[in-house]
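Remarks on the structure that follows.
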Amino acid sequence: MTSKSHWKLLALALVLVVVMVWYSISREDRYIEFFYFPVSEKKEPCFQGEAERQASKIFGNHSREQPIFLQLKDYFWVKTPSAYELPFGTKGSEDLLLRVLAITSYSIPESIQSLECRRCVVVGNGHRLKNSSLGGVINKYDVVIRLNNAPVAGYEGDVGSKTTIRLFYPESAHFDPKIENNPDTLLVLVAFKAMDFHWIETILSDKKRVRKGFWKQPPLIWDVNPKQIRILNPFFMEIAADKLLSLPIQQPRKIKQPTTGLLAITLALHLCDLVHIAGFGYPDAYNKKQTIHYYEQITLKSMAGSGHNVSQEAVAIKRMLEMGAVKNLTYF
Ligand SMILES: CC(=O)N[C@H]1[C@H]([C@H](O)[C@H](O)CO)O[C@](OP(=O)(O)OC[C@H]2O[C@@H](n3ccc(N)nc3=O)[C@H](O)[C@@H]2O)(C(=O)O)C[C@@H]1O
Ligand SMILES: CC(=O)N[C@@H]1[C@@H](O)[C@H](O[C@@H]2O[C@H](CO)[C@H](O)[C@H](O)[C@H]2O)[C@@H](CO)O[C@H]1O
């Protein structure tokens, strides 16, 4: 080849590269395809028993012996005594609970049991997830724990679409559980009062619904498979309140309690080997206009009567981050 045609070829190649670059920049999606160097597909290294070690530092050595979900045998054959009433124990609610446990299950699914190392992520409902593009990252965890009625439909890019476990109470149950969960999602009831057991019983056994006694109308028809339902052991509420927030447990009327997110982190530290969190953190109290959720426009004001101390919770979460018990995918 002559040196002239050599230069011609080179110039042509150069023009082609320039056109490709221009085209890819002018179309943002193409740009991503051309200049996208995929982040390592490798999962975060997971060390068996690591969360357990961390949990024992926070909650003591024996908390791992507690069942995650309540079991019929502990209320039917043996009447397991509980020192506290709901939400910290089952004292006084045993009869209603017995009826619920007779129609629900307590097992941890084989898909979680069989994992050598359980990588979990707890997805808080915080505004910090908005435009985070963390959906793909979240979907890669073995166990994705979500809270209350937080949606996934329409928010997949930021929060993912996989839901292994969802914690809820009647007032926070999504009215359309099928679109916001997967068919095998475990729907874990966090009971705050005896009525919460009654509500789930009437739903699952199709008994006459009770409308009174809730601070917000829960669903009256709730399309779920009883096999998906679990009842969270209130022990985790007790230790979250006591060990993370130093709250008084035996408080009669005006109960102060952990948020469902803090409860979920406590649960994850007992179920998993690795615990990451995302979407946690409230705005400062003076930031009155800042919206708190990734999916709706409400502010801190909406939580005024809720019995939570979010600044105290922030201290507890910071402590867990500093000691390496959990890692955060969003900022804190
Ligand atoms: C009005 C009211 O009672 N709101 C409560 C709502 C409400 O009941 C449900 O959303 C259902 O509608 O539920 C709560 O919480 P909520 O459902 O808002 O959020 C779930 C958990 O995510 C963490 N979070 C949320 C927002 C934010 N900016 N930072 C966060 O860290 C918290 O750990 C929180 O627990 C609840 O159950 O804890 C606590 C809220 O106080
Ligand atoms: C006695 C009573 O029903 N109190 C209600 C609180 O439980 C409820 O708080 C809410 O109670 C829930 C349990 O039912 C969760 O703990 C939730 O985080 C918390 O915000 C607030 C909501 O604004 O309304 C009161 O009337």
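Where a number appears in this text, it was derived from the coordinates with a stated rule and is not lab data. This structure is a prediction, so every number in the text was calculated from the model and none was measured. Don't worry about glycine lacking a Cβ; one is built from the backbone with ideal geometry, like all the others, and counts go over all protein chains shown.
A few points about this structure:
- When Rg and the Kirkwood Rh are both derived from Cα coordinates, the Rg/Rh ratio for region 110-191 amounts to 0.95.
- Of the peptides 137-145, 291-299, 12-20, 121-129, the ranking by mean beta-carbon count within 10 Å, highest at the top, reads 121-129, 137-145, 291-299, 12-20.
- Among 85-95, 187-197, the order from most to least packed when residues are scored by Cβ within 10 Å on average: 187-197, 85-95
- q = 0.07, 0.16 Å⁻¹, the chain: log10 I(q)/I(0) [Debye, one scatterer per Cα]: -0.34, -1.53
- Within-13-Å neighbourhood charge of Asp223 [Cβ basis; K, R +1; D, E -1]: -2
- Distance between the pseudo-spin-label points of Gln71 and Ala11 (7 Å out from Cα toward the beta carbon): 8.1 nm.
- Bridges between two residues of the chain, per DSSP, are antiparallel at a rate of about 10%.
- Checking the cross-link pairs Lys73/Lys227; Lys216/Lys288; Lys43/Lys162; Lys43/Lys327; Lys140/Lys243 against a 19 Å limit on the alpha carbon distance flags Lys216/Lys288; Lys140/Lys243 as lying beyond it.
- Summing +1 for each Lys or Arg and -1 for each Asp or Glu among the other residues whose beta-carbon sits under 14 angstrom from that of Asp206 gives +2.
- Cα gyration tensor, region 219-332 - rounded (a/c under 1.5), prolate or oblate: rounded
- The HN-Hα couplings worked out from phi for region 198-203 by the Karplus form 6.51 cos²θ - 1.76 cosθ + 1.60 (θ = phi - 60°) are 4, 4, 5, 5, 5, 5 Hz, whole numbers, x standing for Gly and Pro.
- Value of relative contact order over the chain, rounded to a whole percent, pairs C-alpha under 8 Å and six or more apart: 22 percent
- The calculated 222 nm mean residue ellipticity attributable to helices in the chain amounts to -9000 deg cm²/dmol, summing -39500 (n - 2.57) over DSSP H runs of n ≥ 4 and dividing by all residues.
- The label-point distance for Thr299 and Ser111, in a model that sets each label 7 Å from Cα toward Cβ, rounds to 4.1 nm.
- All other residues whose Cβ lies under 9 angstrom from that of Thr299 are scored, Lys and Arg at +1 and Asp and Glu at -1, for a net of +3.
- Cα long-axis angle, helix 50-59 against the chain (0 to 90 degrees, to the nearest 10): 40 degrees
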